[in-house]
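Below is one structure; the comments refer to it alone.
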Amino acid sequence: MEFIEITEKERLDYNRVVSHPLQSYEWGEFREKTGVTVVRRGLRKNGQIIDGFTLTIHKVPKTKLTIGYLPKGNEPTKEVIEELQRIGEEQNCIFVQLEPNIRSGEWKMISNKLTPSFHPLFTKFTFVLDISKSEEELQKSFHSKTRYNIRVAQKHGVIVKEQNSEKAFKEYLRLTEETTGRQRFYAHTPTYHTKMWDTLHLTNHQSPIDKQQLSAHLLTAEYRKRTLASWVLFVFRDTLYYPYGASSSEYRNVMASNLIMWEAIRFGKNIGLAKFDMWGALGKEPDAKDPWYGFHKFKEGYGATHTEFVGSYDLVIKPKLYQVYKVADKARWLYLRVKKGF
């Protein structure tokens, strides 16, 4: 077995062995456009790629040091850890953070080189819905209030459709800015979203959808010629994902967000997907005072399975600098929260 650098030529072979959009070849293309160093590796055995990962390298400001990040990767085997150690040393990383796409209880850590992360980045929980069921079966599994809200939106004449136009995307950016200001949470910049969309979205002429490549799709909910909700959905392999969403404070009584969620489910079913990963949730006993509690309860209403992953781990390359970085990172986030008034 040997690790090889993954190029455009191995795109589809590589995508077949990874299991999440953030490990897809296409996501790496997008991240390169944001100025991040992207390292793709495939483990080849007897001429076949049997495993692989995409690692992004992030500069520590005002230093020559870096941090490696490997979100939603496969199982960190002995071979993978050794390769990450080598790359980390080569890229002058303080540490490499791994967040495996493995459910809790399905992995036994085999290396004492990994330590639980002091600052996890990707949520440890999500909701996953089986959308292979019929629409009738799905609606029966919804909370009664969710079904009611969907009917409210339908009776008001809210219209949900896929719109991948430049005009629709500009509305998405506008609503994203409004939503983050209203909810008071951190979000990616408009430039980040624009580069993501330019790289991943499909035009109306690109049909049928190639599920072996990551693609982005924009759903909008409109009422009285106003866009009330706008969601970016990802399609990869057999799963639909809901990574980004924004909504208006106008006409909240028409329940546009409930209908757009239902139409997102129908969108996934219509293109033959099996699962819908809602991209994030709180823990098993969420605090009603948590700022994300509303999002959690909203998703929970659709009858999805609450799913826990193994969490975040750091592969420490420079132990002394790692301890210094932990202190500096904690101070930085405290400063940002105070600055924003969180």
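The values are calculated or read from the model by the stated rules, or taken from the named source; none is laboratory data. The shown structure was predicted, so the numbers you read here are calculated from the model rather than taken from an experiment. Reconstructed Cβ throughout: ideal geometry from the backbone, glycine too, with neighbour counts over all protein chains shown. What goes into the accessible areas is simple: the full protein's heavy atoms, side chains included, and nothing from ligands, DNA or RNA. Shrake-Rupley method; radii C 1.70, N 1.55, O 1.52, S 1.80 Å.
Structural remarks
- Hits in the stretch 122-133 (condition: within 18 Å of Leu282 (Cα to Cα) and either touching a helix residue (DSSP H, G or I) at 6+ places or on another chain (Cβ under 9 Å) or open to solvent by less than 40 Å² (accessible area, probe 1.4 Å) (or both)): Phe122, Phe125, Thr126, Phe127, Val128, Leu129
- Matching entry among Leu233, Leu321, Leu228 (being within 30 Å of Arg86 (Cα to Cα) and either in a loop (DSSP other than H, G, I, E, B) or modelled with pLDDT of 95 or more (or both)): Leu321
- Of all residues in the stretch 134-146, those that are buried (at least 16 other Cβ atoms within 10 Å of the Cβ) and out of contact with any Gly (no Cβ under 6 Å at 6 or more places or on another chain) total 2.
- The residues of the stretch 283-309 that are at pLDDT 95 or above and of a type in the set (Lys, Arg), listed by number, are Lys297, Lys299.
- Inclusion of Arg44 among residues that are of a type in the set (D, E, K, R) and open to solvent by less than 50 Å² (accessible area, probe 1.4 Å) is not warranted.
- Residue match in the stretch 257-272 (condition: farther than 18 Å from Ser141 by Cβ and touching a strand residue (DSSP E or B) at 6+ places or on another chain (Cβ under 6 Å)): yes
- No other residue among Pro190, Pro208 is over 20 Å from the mean Cα position of the chain (by Cα) and open to solvent by 80 Å² or more (accessible area, probe 1.4 Å) apart from Pro208.
- Only one of the listed residues (Gly272, Gly268, Gly283, Gly303) is at positive phi, outside any strand (DSSP E or B) and open to solvent by less than 40 Å² (accessible area, probe 1.4 Å). That residue is Gly303.
- Of all positions in the stretch 134-146, at least one carries a residue that is of a type outside the set (Gly, Ala, Ser) and assigned to a loop (DSSP other than H, G, I, E, B).
- Qualifying residue in the stretch 242-264 (condition: open to solvent by less than 30 Å² (accessible area, probe 1.4 Å), under 20 Å from the mean Cα position of the chain (by Cα) and farther than 25 Å from Glu178 by Cα): no
- Restricting Glu177, Glu250 to those that are of a type in the set (Asp, Glu), touching a helix residue (DSSP H, G or I) at 6+ places or on another chain (Cβ under 9 Å) and not in a strand (DSSP E or B) reduces the list to Glu177.
- Options Lys108, Lys62, Lys33; residue that is at pLDDT 95 or above and either polar (S, T, N, Q) or open to solvent by 20 Å² or more (accessible area, probe 1.4 Å) (or both): Lys33
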